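Student: First the structure, then my questions, so here it is.
FYI, it's all coordinate maths here, none of it is from the lab. Keep in mind that this is a model prediction, so the values were computed, not measured. Positions of Cβ are backbone-derived with ideal geometry, glycine not excepted, and every protein chain shown enters the neighbour counts.
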2 protein chains.
Amino acid sequence: MKPRAGGAPTRLSPRFSPALVTDLYQLTMLQAYFEERMSATAVFSLFARRLPERRNYLLACGLDEVLMYLETLRFDQAALEYLESLGQFSKRFLRHLETLRFTGDVYAVPEGTPVFANEPLLEVEAPIAEAQLVETFVMNEIHLQTVLASKASRVVHAARGRQVVDFGLRRIHGADAGIKAARAFYIAGVDATSNVAAGQAYGIRVAGTMAHSYIQAHDEEFEAFRDFARLYPDTVLLVDTYDTLEGVQKVIELARTLGSQFKVKAIRLDSGDLRDLSVKARRMLDDAGLQRVTIFASGGLNEDAVEKLTASGAPIDGFGVGADMGVSRDAPSLDFAYKLVEYAGQARMKLSAGKSTLPGRKQIFRVEPDGVADHDVLGRRDEAPLGRPLLQHVMAGGRRCQPRVALADAREQAKRELEHLPPRLRQIEPANPRYAVETSAALNRDLETVRQHFEAETVKR
Amino acid sequence: MKPRAGGAPTRLSPRFSPALVTDLYQLTMLQAYFEERMSATAVFSLFARRLPERRNYLLACGLDEVLMYLETLRFDQAALEYLESLGQFSKRFLRHLETLRFTGDVYAVPEGTPVFANEPLLEVEAPIAEAQLVETFVMNEIHLQTVLASKASRVVHAARGRQVVDFGLRRIHGADAGIKAARAFYIAGVDATSNVAAGQAYGIRVAGTMAHSYIQAHDEEFEAFRDFARLYPDTVLLVDTYDTLEGVQKVIELARTLGSQFKVKAIRLDSGDLRDLSVKARRMLDDAGLQRVTIFASGGLNEDAVEKLTASGAPIDGFGVGADMGVSRDAPSLDFAYKLVEYAGQARMKLSAGKSTLPGRKQIFRVEPDGVADHDVLGRRDEAPLGRPLLQHVMAGGRRCQPRVALADAREQAKRELEHLPPRLRQIEPANPRYAVETSAALNRDLETVRQHFEAETVKR
């Protein structure tokens with residue numbers, strides 16, 4: 001086998017310019033702002049209009065990648081040439097784009113903070129063109145990681161301290177989501193990932209042992225177990241390729257054969273009635289004196305299945321969770337919005353049916369008597385604190401103005417913040433009552449003033 | 001604004017080695033195959049175990065990227081160093097990985113082919129290590145694009161010839177899925193995308209005009225319309241920022257003001273009761289002599305909403321479809337499997353509860369009396385054709401053995417193949433009866449032989 005020439009990297013997709021990961025209308029609007037010399041500061045607010053039925057909170061996630069993007073944003077030559085080929089951008093505007101960088105400020109809740117409907121996860125303040133341009137990627141990234149962290153947080157809760165491993169890569173939507181998912185899951189409390197690229201990119205612990213195909217490629221299951229355990233003494237053996245309990249029996253035979261050389265750490269069940277099989281497998285292992293061999297379960301799991309297994313007392317020590325968590329099957333997207341709330345010092349709002357927005361720069365105040373969150377107050381950013389303020393100034397003039405948060409710290413942040421929520425919110429089932437988010441008196445006054453102004457304008461014209 | 005130094009590209013994620021977009025267990029198994037000198041040819045088959053309730057067919061998609069990946073797969077130095085750092089791979093094995101390339105064969109259905117449960121979308125034949133290693137990416141890519149093309153195909157059907165534009169980027173899961181989605185949608189019949197990077201990567205037509213924020217940043221809606229239309233005379237104006245019908249009225253005023261200079265092509269409705277508003281807006285435009293201004297609708301659309309609008313005769317000429325199509329909300333993942341069906345010339349199968357597989361190299365035969373598909377027969381690859389064979393030999397020895405298919409041709413292929421399906425399958429509602437897939441007599445015989453062999457083995461041991 002002769003290696004192909006050259007050091008060209010493996011290609012997962014055709015080439016594209018990262019700065020073009022945006023909607024065309026951002027660029028047509030940018031050219032309009034450019035031509036109209038509109039360059040005043042705009043404030044955009046990113047929030048979820050409502051929460052899915054089965055989400056008692058959203059776990060904010062994805063900020064670090066957003067800041068990385070904002071710090072590095074620039075149009076490369078290929079991007080400019082492609083835009084020129086579209087025939088709707090002037091040379092003057094394209095020259096302007098070439099030098100465009102993000103120079104604005106960002107206020108955001110730290111990753112791992114639980115947030116609720118209408119609460120800004122992030123506010124961008126920048127010359128309007130810059131704040132507009134970044135909308136698509138900022139939403140894409142925060143949406144993706146928040147969707148996935150929020151889902152994973154439920155799985156972790158259901159596992160009640162047992163290990164959870166991300167097995168989702170093959171069905172997560174694409175390579176980019178694959179590595180971001182592993183990151184979001186880790187922040188939400190997942191212990192490891194099967195995704196090697198995510199391990200490389202983020203330093204997350206990687207895990208994984210064998211697939212059915214390895215067993216099938218051997219003439220006998222026992223032989224496959226023996227050969228694998230020779231190379232990886234403390235491995236996990238997959239026992240359900242043919243008959244699960246026969247598979248367990250073969251692990252026991254291997255222990256007898258190897259004696260003190262037997263170091264196998266766990267067996268994995270991947271099909272069938274996991275509760276029933278785990279009980280029987282546990283009994284067989286215990287009877288054989290293999291108490292220290294643990295049981296790992298996988299196969300179509302989600303938070304409901306995990307909850308049912310842990311609640312039933314099934315002797316399962318860890319869970320591999322794949323597609324359901326990886327695509328957040330019951331809520332794969334959120335009703336996120338990135339809305340203009342102020343331009344040139346004037347509060348702005350949208351009145352579209354069912355989609356109206358709150359004007360101005362905001363702050364979230366979490367009211368926590370005795371250390372437990374009772375409700376939040378959504379207020380003006382400049383008003384006297386009505387509780388613990390959650391939004392922090394994280395970027396100034398296009399540069400981070402806080403030290404980068406280590407992944408392990410974001411994970412700790414999530415753990416700590418979740419512990420401050422009332423227990424009913426941490427449950428899998430919809431909380432009753434749901435968590436209350438009020439608006440402050442000052443914000444309500446602003447809302448009324450701006451609404452009257454725009455309604456008067458509409459009638460006048 | 002001073003451009004930052006250097007030509008470093010915009011970063012959407014931390015760096016990772018593309019070859020590491022795989023599950024760790026592929027690599028632990030690879031080292032085991034290496035140590036055990038298992039290098040015989042393996043055949044893996046990729047198929048969906050079942051179809052979601054609301055999918056009458058899957059539209060196979062993603063093959064071109066898979067072939068691109070297989071042609072370029074190699075471990076770069078960063079990948080090898082990361083793997084070494086994990087402490088479970090020998091130097092000898094890592095040196096072997098360095099020279100590893102994909103040298104196998106691929107049989108696949110052309111992109112745009114409708115397939116059904118248990119039908120292989122693709123079969124990989126290669127030395128077992130190579131066929132094993134590529135599992136994760138091959139599944140990820142074919143799964144992603146097939147999920148999205150299958151969803152989009154329904155939206156296109158519901159639109160009944162009206163234009164459909166992909167507006168999903170902000171909520172599609174990540175940048176990679178964003179561009180692949182636009183591609184899959186295009187093959188399924190979607191007309192354009194808002195995703196500029198997808199336009200650059202694939203040459204798909206890009207579309208988009210203005211957002212609410214552009215309107216809001218102007219003091220008056222009319223002024224925003226006028227300024228935008230000055231720069232883009234044949235644009236689409238978004239009319240629902242404050243009050244939709246007032247917005248339409250302002251477009252009419254603009255037409256009166258501009259006279260023969262008025263070239264605005266369409267208005268866009270993005271909220272409220274789209275049927276009611278489109279009827280009223282159409283009447284207002286017609287009464288003003290603006291029959292040639294068309295109506296474009298967006299806002300929370302999916303195939304059901306589009307179907308309802310087109311069936312009701314709403315005067316809507318095009319649809320912008322976002323999150324629901326972009327994450328395939330009702331079926332964001334499929335029960336895909338990539339299973340070993342042959343090793344070293346011997347058929348293999350898995351007997352796990354509810355997850356058993358069909359052994360050996362296969363072919364799909366589509367039986368089409370009078371040019372309409374009646375049922376499929378899943379047979380042995382080497383048996384005499386029982387209908388039109390769908391799987392083609394697309395890669396030999398790690399190289400494409402068929403010319404690359406242009407995107408427009410894949411789109412044509414999808415259109416043609418869908419026309420050959422019975423009309424009940426093209427409907428949005430679940431087909432009754434569902435499409436029948438039989439197994440050939442020869443394949444049934446193989447299945448029995450292999451099952452008896454493995455059951456006998458299980459009992460014996």
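Student: Near the amide H of residue A:237, under 5 Å away, which other amide H atoms are found, from residues 5 or more places off or on another chain, if H is placed in the peptide plane?
Tutor: Amide H neighbours of residue A:237: A:266, A:267, A:268.
Student: Neighbouring Cβ atoms within 10 Å as the yardstick, rank A:401, B:61 fewest first.
Tutor: Least crowded to most crowded, the residues run A:401, B:61.
Student: For the cross-link pairs A:339/B:308; A:362/B:151; A:308/B:362; B:91/B:180, which exceed 31 Å when the distance is taken from alpha carbon to alpha carbon?
Tutor: Correct reply: A:362/B:151; A:308/B:362; B:91/B:180.
Student: Under a Cβ-Cβ cut-off of 11 Å, what is the net charge of the residues other than residue B:33 that fall near it, where Lys and Arg count +1 and Asp and Glu count -1?
Tutor: -3
Student: Direction-averaged shadow area of the convex hull around the Cα atoms of segment B:381-449, nm²?
Tutor: With every direction weighted equally, the projected area is 7.6 nm².
Student: Now a separate question. Can you work out D for segment A:1-125 in µm² s⁻¹ from Stokes-Einstein, where Rh is the Kirkwood radius over C-alpha pairs, the temperature is 10 °C and the viscosity is 1.306 mPa s?
Tutor: 89 µm²/s
Student: Next up: Pairs of alpha-carbon atoms within less than 8 angstrom and 6+ residues apart define the contacts here; what relative contact order does chain A have, in percent?
Tutor: 21 percent.
Student: Mind checking the mean number of beta-carbon atoms from other chains within 10 Å of the Cβ atoms in A:326-339?
Tutor: 5
Student: In peptide A:198-205, what is the residue-averaged number of other protein chain Cβ atoms found within 10 Å of each Cβ?
Tutor: For this peptide, the per-residue mean of nearby foreign Cβ atoms is 5.
Student: Segment A:153-223 to segment B:174-192: how many Å between their Cα centroids?
Tutor: After rounding, the separation between the Cα centres reads 27 Å.
Student: Report the semi-axes of the equivalent ellipsoid for the protein assembly as shown in whole Å, largest first, where each axis is √(5λ) for an eigenvalue λ of the Cα gyration tensor.
Tutor: Computed over the protein assembly as shown, the values are 48, 33, 25 Å.
Student: Using the Cβ atoms and a cut-off under 11 Å, what net charge is assigned to the surroundings of residue B:361, where Lys and Arg are +1 and Asp and Glu are -1?
Tutor: -4
Student: To continue, here is another question. For chain A, what does -39500 (n - 2.57) per DSSP helix run (n ≥ 4), summed and divided by total residues, give at 222 nm, in deg cm²/dmol to the nearest 500?
Tutor: About -12500 deg cm²/dmol.
Student: What ranking do A:386-393, B:147-154, A:432-439 get when scored by the average of other Cβ atoms within 10 Å per residue, highest first?
Tutor: Highest-to-lowest ranking by the protection proxy: B:147-154, A:386-393, A:432-439.
Student: May I ask you to work out the translational diffusion coefficient for segment A:306-461 at 4 °C, viscosity 1.567 mPa s, via Stokes-Einstein with Rh from the Kirkwood sum over Cα pairs, reported in whole µm²/s?
Tutor: This corresponds to a translational diffusion coefficient of 66 µm²/s.
Student: Same structure, new question: Against the globular-protein guess of 2.2 N^0.38 Å, express the Cα radius of gyration of segment A:66-114 as a ratio, rounded to two decimals.
Tutor: So segment A:66-114 has a normalised radius of gyration of 1.56.
Student: How well do other chains shield peptide B:60-70, expressed as the mean number of their Cβ atoms within 10 Å of each residue Cβ?
Tutor: The shielding value for this peptide is 2.
Student: Here is a follow-up. Pop the C-beta distance of residue B:393 and residue B:426 into the FRET formula with R0 = 35 Å and round what comes out to the nearest 0.05.
Tutor: 0.75
Student: Per q in 0.19, 0.24, 0.31, 0.32 Å⁻¹, report the Debye log10 I(q)/I(0) for segment B:171-221, using one uniform scatterer on each alpha carbon and no solvent.
Tutor: -0.65, -0.82, -1.14, -1.19
Student: Calculated FRET efficiency, residue B:453 and residue A:412, Cβ-Cβ r, R0 30 Å, to nearest 0.05?
Tutor: 0.05
Student: In Å and on Cα atoms, what radius of gyration and Dmax does segment B:95-183 show?
Tutor: Cα-based Rg and Dmax for segment B:95-183 come out at 16.7, 56 Å.
Student: Sorted from fewest to most neighbouring beta carbons within 10 Å, what does the list B:191, B:166 look like?
Tutor: B:191, B:166
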